[in-house]
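First up is the structure itself, then whatever we jot down about it.
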Amino acid sequence: MNTQDTICALATPPGGAIAIVRVSGPKAISITDSIFSKSLDKAEGYTLHFGQIKDMDGKELDEVLVSVFRAPHSYTGEDSTEISCHGSSYIVKNLLESLIWTGARQAEPGEYTMRAFMNGKLDLSQAEAVADLIASSSQATHQMAMSQMRGKFSQELADLQGQLLQLTSLLELELDFNDQNVEFANRQQLFELMDKVEQHISQLSDSFQVGNAIKNGIPVAIIGAPNAGKSTLLNALVGEDRAIVSNIQGTTRDLIEDTTQIDGITFRFIDTAGIRSTQNKLERMGIERSIQAAEKAKIILLMTEYNNSFPEIQFRDDQIVLQVINKCDVSLPSTSYLFHRQPTGRLYHISAARGYGMDLLRQALVRESSLPSDLDTTHSVVTNVRHYNALRQALQALRRAKQAFADQTPTDLVAEDLRGCLHHLGEITGSEITSEDVLHNIFHNFCIGK
Ligand code: GDP
């Protein structure tokens with residue numbers, strides 16, 4: 001990707017009343033100027049200009065508002081314009097063609113944010129948070145993305161890197177004076193510092209379990225015999241007809257997944273094929289997939305019909321199984337009191353078709369998810385698998401360093417693992433920590449003559 005190019009793209013989804021076309025790069029202002037009725041040559045940053053734009057044949061295309069941004073005070077850090085035109089697909093297509101005709105090129109996906117990163121406006125994790133913010137669909141995902149985009153996570157990483165750099169510097173200083181057999185650092189203090197950093201990285205890495213569940217939804221598998229009402233329950237939970245409801249056994253042969261929010265928490269419901277013994281090859285495959293889906297779920301809704309028994313399936317100890325007895329409406333009124341009574345244990349009486357008892361079941365899902373619907377963002381929550389992997393690698397390197405240090409392994413080996421840890425943390429934000437930084441830190445923080 002050539003960052004010297006001037007790029008253009010539609011920034012708003014098609015179909016709205018107003019469309020915004022963004023232009024960014026060294027020639028953004030002159031290219032916009034060449035198709036606009038007013039001169040933008042001397043326009044200052046953060047100014048708005050009303051006028052007409054022309055198409056490739058020089059014919060008036062639309063009345064627009066052009067916002068001007070001067071480098072470095074723009075999203076990308078480059079000269080940029082934003083053209084707000086009317087949302088017709090014809091206007092947008094012709095406007096883009098005009099811009100390309102006058103020297104811009106169509107931007108590639110994510111290219112604006114990539115330029116913002118290249119120009120130091122955002123680090124990598126902040127750039128990734130922009131995508132998360134756009135995709136956020138709940139209060140919790142929005143809060144996490146906002147906090148990451150504002151640089152809270154980056155700041156936490158920078159603090160950790162600072163502490164590691166201090167450790168590495170002290171050890172490398174010792175190495176430089178190796179022949180004089182000097183010890184600059186108090187061993188106990190170094191060990192405590194490593195311990196502190198390890199705890200912090202480990203806390204961040206552990207937060208991924210929650211972060212991932214919040215971002216992608218808590219997986220809930222609906223398991224039961226054919227015709228227990230699994231598809232009806234899925235439809236009742238997500239509030240639309242996602243799954244096919246039929247009284248022909250074995251209808252749901254494939255997994256059907258859908259997400260919905262309950263009290264601000266995202267759940268990913270998986271409707272599975274009914275579990276029973278069958279000779280039908282296709283149905284057997286569906287059942288196999290159901291069992292696999294159940295293995296990945298955090299919560300299982302184990303269903304049966306009123307007066308039937310539950311299928312006997314083994315679940316993992318860390319899975320939460322809520323037993324659901326469906327079709328309780330068939331024995332109304334004798335069962336009606338069950339819909340409103342807090343269940344003893346994890347047994348719930350419902351009628352998925354009529355919606356009875358569903359509130360208690362929803363409340364149970366929220367409770368068992370053990371996720372707060374309003375997230376405490378005093379600590380960063382890791383939601384990105386790339387960050388999680390880098391944190392795990394950083395943790396492994398740090399643990400090696402700690403062990404080597406405890407074993408009194410030569411200092412250069414300990415320092416190497418610490419540099420490894422720094423490298424993995426640097427991968428998250430895209431910052432490069434070179435040995436020059438380490439040197440700089442030595443002379444910056446310590447007086448050798450002292
Ligand atoms: P699945 O095979 O477990 O997915 O079951 P379905 O959701 O397809 O339902 C099987 C049949 O039971 C359909 O005819 C549904 O209309 C019916 N059914 C589902 N839930 C209820 C309920 O709460 N009460 C009654 N009376 N019938 C239900």
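Looking only at the range 11-21, count how many residues are at pLDDT below 95 and surrounded by 11 or more Cβ atoms within 10 Å (Cβ to Cβ).
Count: 2.
Taking the stated definitions as given, is Leu193 modelled with pLDDT of 75 or more and buried (at least 23 other Cβ atoms within 10 Å of the Cβ)? Steps first, please.
Values: modelled with pLDDT of 75 or more: yes; buried (at least 23 other Cβ atoms within 10 Å of the Cβ): no.
The answer is no for Leu193.
Just to be sure, is Glu172 out of contact with any Pro (no Cβ under 6 Å at 6 or more places or on another chain), farther than 20 Å from Ile214 by Cα and not assigned by TED's automatic domain parsing to the domain that holds Gly77?
Values: out of contact with any Pro (no Cβ under 6 Å at 6 or more places or on another chain): yes; farther than 20 Å from Ile214 by Cα: yes; not assigned by TED's automatic domain parsing to the domain that holds Gly77: yes.
Yes, satisfied.
Could you figure out which of (1) in a helix (DSSP H, G or I); (2) modelled with pLDDT of 80 or more isn't true of Ile291?
Status for Ile291: all satisfied but (2).
Please enumerate the residues belonging to the range 382-414 that are charged (D, E, K, R) and in a loop (DSSP other than H, G, I, E, B). Lay out the reasoning, then the answer.
Step one: list which residues in the range 382-414 are charged (D, E, K, R), which gives 386, 392, 399-400, 402, 407, 412.
Residue satisfying the conditions is Asp407 alone.
Of all residues being assigned to a loop (DSSP other than H, G, I, E, B) and more than 8 Å from the ligand (Cβ to nearest atom) in the range 219-247, which is modelled with the highest pLDDT? Just the residue, please.
Narrowing the range 219-247 to residues assigned to a loop (DSSP other than H, G, I, E, B): 225-229, 239-247.
Add one more test, that the residue is more than 8 Å from the ligand (Cβ to nearest atom), and what stays is 239-242.
Details: Gly239: 81, Glu240: 66, Asp241: 58, Arg242: 56.
The residue in question is Gly239.
List the number of the failed condition for Leu65; all other conditions in (1) more than 24 Å from Gly15 (Cβ to Cβ); (2) touching a Ser or Thr at 6+ places or on another chain (Cβ under 8 Å) hold.
It is condition (1) that Leu65 fails.
May I ask you to list the residues in the range 406-426 that are surrounded by 14 or more Cβ atoms within 10 Å (Cβ to Cβ) and modelled with pLDDT under 85?
Answer for the range 406-426, where residues must be surrounded by 14 or more Cβ atoms within 10 Å (Cβ to Cβ) and modelled with pLDDT under 85: Thr409, Thr411.
In the list Ser147, Ser137, which residue meets the criterion of being in a helix (DSSP H, G or I), touching a residue at least 24 places away in the same chain (Cβ under 8 Å) and closer than 30 Å to Val382 by Cβ?
Going through Ser147, Ser137 in turn, the sole match is Ser147.
Would you check which residues across the range 36-91 are open to solvent by 40 Å² or more (accessible area, probe 1.4 Å) and small (Gly, Ala, Ser) and list them?
Once the filter is applied, which keeps residues that are open to solvent by 40 Å² or more (accessible area, probe 1.4 Å) and small (Gly, Ala, Ser), the range 36-91 yields Ser37, Ser39, Gly58, Ala71, Ser88, Ser89.
The values are calculated or read from the model by the stated rules, or taken from the named source; none is laboratory data. Model, not experiment: these values are computed from the prediction. We place every Cβ from the backbone using ideal geometry, glycine too, and count neighbours over all the protein chains shown. Just so you know, the surface numbers come from the protein's heavy atoms only, side chains and all, with ligands and any DNA or RNA stripped out. Shrake-Rupley method; radii C 1.70, N 1.55, O 1.52, S 1.80 Å.
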